[in-house]
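**Q** Next up is a structure, given as structure tokens.
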Protein chains: 2
Amino acid sequence: MQGLTERELRAWRTSFQMLQVLRARLGQQLQADSGLSNAEYSVLVLLSEAPDRRLRAYELGHAAGWEKSRTHHQLTRMCKRGLVTRERSGSRGVYAALTEKGLTAIKDAAPGHAQEVRRLFVDRLTPEELDQFAAIAAKILDNLQTQQPPQ
Amino acid sequence: MQGLTERELRAWRTSFQMLQVLRARLGQQLQADSGLSNAEYSVLVLLSEAPDRRLRAYELGHAAGWEKSRTHHQLTRMCKRGLVTRERSGSRGVYAALTEKGLTAIKDAAPGHAQEVRRLFVDRLTPEELDQFAAIAAKILDNLQTQQPPQ
């Protein structure tokens, strides 16, 4: 496996810098308006859309790209804040479940977050560009998720 | 300003999840192989390519999308690790400069990071897809950087 060509490196740098700056900006809006971090918001969205509003910790970490220890620490912090609870379910391992407080938090935060996503991302692109970008993102994500993260 | 349509929300979710998982995976490789976080790596790259290997803290934060306090804390941690030094330059504010140790760290980390970027991102796409993705990212980044982040 070789390094990157100049052209690949430029394309990568632009893509990654965009990702970093966009993520930082969205995180600032979330924190200021709702007191939530990007990571907390992601967990709340995943749980709020899961059956019975609960997911195995393993699945949650897989969806977020986190190692086991990162998932554990994230859930511990959110349990302390009352946003989720942890439930042990016999041989099937640990589940995380959304609390009423967590559900309220995501419902309160979602409209402001959606506006910021529209302002910084969706409205900057034509519908065709948005579809292209999402299709390319889906290819990369599929590959990432067929591999196990390191434990 | 309105919320997002179902189609926009799906495109956004896929794009952001890819960004999050890719960032987490790259951060895991960096941490395991070089003991650097994504944020530290970004700062080292920016400084190593700047004239005289130094940048105003303000410019550094602007490039990374960080608020003033976030930039300050990041540089404090990196000063303690000996990767950068902080220099005050009269009316022009605070500069961050790369140390020899920081230069060695980025030179040691770069090849493994480039391989991971190739494996997880560049090699998943055709050259045309890579160019499309980077062009769309550049549009979004330009808009983000014409706005001041909150202080």
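The values are calculated or read from the model by the stated rules, or taken from the named source; none is laboratory data. Keep in mind it's a predicted model, so treat the numbers as computed, not measured. Methodologically, a virtual Cβ is constructed for each residue, glycine included, from the backbone with ideal geometry; neighbour enumeration extends over all protein chains shown. Accessible surface areas use protein heavy atoms only, side chains included; no ligands, DNA or RNA. Shrake-Rupley method; radii C 1.70, N 1.55, O 1.52, S 1.80 Å.
**Q** For A:Leu30, what is the net charge nearby, where nearby means another residue's Cβ is under 9 Å from its Cβ and Lys, Arg count +1, Asp, Glu -1?
**A** Residues near A:Leu30 contribute -3 overall.
**Q** Run the numbers on chain B and let me know its relative contact order in percent, using alpha-carbon pairs under 8 Å that are six or more apart.
**A** That works out to 24 percent.
**Q** Then there is this: Under 17 Å from the 7 Å Cα→Cβ point of A:Arg56, by amide nitrogen: which residues of segment A:65-107?
**A** Within reach of a label on A:Arg56: A:65-69, A:71-72, A:86-97.
**Q** Something else now. Using r as the Cβ-Cβ distance of B:Leu9 and B:Ser48, and R0 as 45 Å, what FRET efficiency do you calculate, to the nearest 0.05?
**A** Computed FRET efficiency for B:Leu9 and B:Ser48 comes out at 0.70.
**Q** Let me ask another. By Cβ position, which chain A residue lies least far from the axis that rotates chain A onto chain B, and what is the distance to the nearest whole angstrom?
**A** So the closest residue, with its distance, comes out as A:Leu19, 2.
**Q** Quick one: which residues, 5+ away or cross-chain, put their amide H under 5 Å from the amide H of B:Thr99? H built at 1.01 Å from N.
**A** B:Val84, B:Thr85
**Q** For A:64-73, what's the mean count of beta carbons from other chains sitting within 10 Å of each residue's beta carbon?
**A** Numbers: counts 4, 12, 5, 6, 0, 0, 3, 0, 0, 0.
For this peptide, the per-residue mean of nearby foreign Cβ atoms is 3.
**Q** Then there's this: At a Cα cut-off below 27 Å, give the lysines reachable from B:Lys68, other chains included and same-chain residues fewer than 8 away excluded.
**A** Cα-Cα hits under 27 Å: B:Lys80, B:Lys101, B:Lys139.
**Q** What does the copy distance list look like for B:Ala97, label position 7 Å along Cα→Cβ, in nm and ordered from shortest?
**A** 5.9
**Q** Using a 7 Å offset from Cα along the direction of the beta-carbon, what are the separations from B:Gln147 to the same position in each other copy, nm, ascending?
**A** 3.3
**Q** Here is a follow-up. For B:Trp12, what accessible surface area do you get with a 1.4 Å probe? Give it in Å², rounded to 10.
**A** Counting only protein heavy atoms, B:Trp12 exposes about 10 Å² to solvent.
**Q** Based on the alpha-carbon gyration tensor of chain B and its eigenvalue square roots a ≥ b ≥ c, which shape applies: rounded if a/c is under 1.5, prolate if not and a/b is larger than b/c, or oblate? Let's see the in-between values first.
**A** On the way: a/c = 2.14, a/b = 1.36, b/c = 1.57.
Because a/c hits 1.5 or more and a/b fails to exceed b/c, chain B counts as oblate.
**Q** Sticking with the crude label model, points 7 Å out along Cα→Cβ, report the distance from B:Glu87 to A:Gln31 in nm, one decimal please.
**A** That separation, rounded to one decimal, is 2.9 nm.
**Q** Pull up the cross-link candidates among the aspartates and glutamates for A:Lys107, meaning alpha carbon to alpha carbon under 14 Å and not fewer than 8 places away within one chain.
**A** Within the straight-line limit of under 14 Å, A:Lys107 reaches these aspartates and glutamates: A:Asp33, A:Glu40, A:Glu49.
**Q** Between segment B:1-75 and segment A:77-91, how far is it from one alpha carbon centroid to the other, in angstrom?
**A** Taking the Cα centre of each part, segment B:1-75 and segment A:77-91 sit 29 Å apart.
**Q** Can you give the accessible area of B:Glu6, probe radius 1.4 Å, in Å² rounded to 10?
**A** My reading of the accessible area for B:Glu6 is about 130 Å².
**Q** If you don't mind, there's one more thing I want to ask. Among B:Gly90, B:Pro51, B:Val21, which residue has its Cα furthest toward the positive end of the charge dipole of chain B, with +1 on Lys/Arg Cβ and -1 on Asp/Glu Cβ?
**A** The residue sitting most towards the positive pole is B:Gly90.
**Q** Determine ³J(HN,Hα), in whole Hz, for all residues of segment B:42-54 in sequence, where each value follows from phi through the Karplus function 6.51 cos²θ - 1.76 cosθ + 1.60 and θ = phi - 60°; x replaces Gly and Pro.
**A** So the Karplus estimates, Gly and Pro as x, are 4, 5, 5, 5, 4, 5, 5, 9, 7, x, 6, 6, 9 Hz.
**Q** Tell me whether the protein assembly as shown comes out rounded, prolate or oblate; compute the Cα gyration tensor, take square roots of the eigenvalues as a ≥ b ≥ c, and use a/c under 1.5 as the rounded threshold.
**A** In terms of gyration-tensor shape, rounded.
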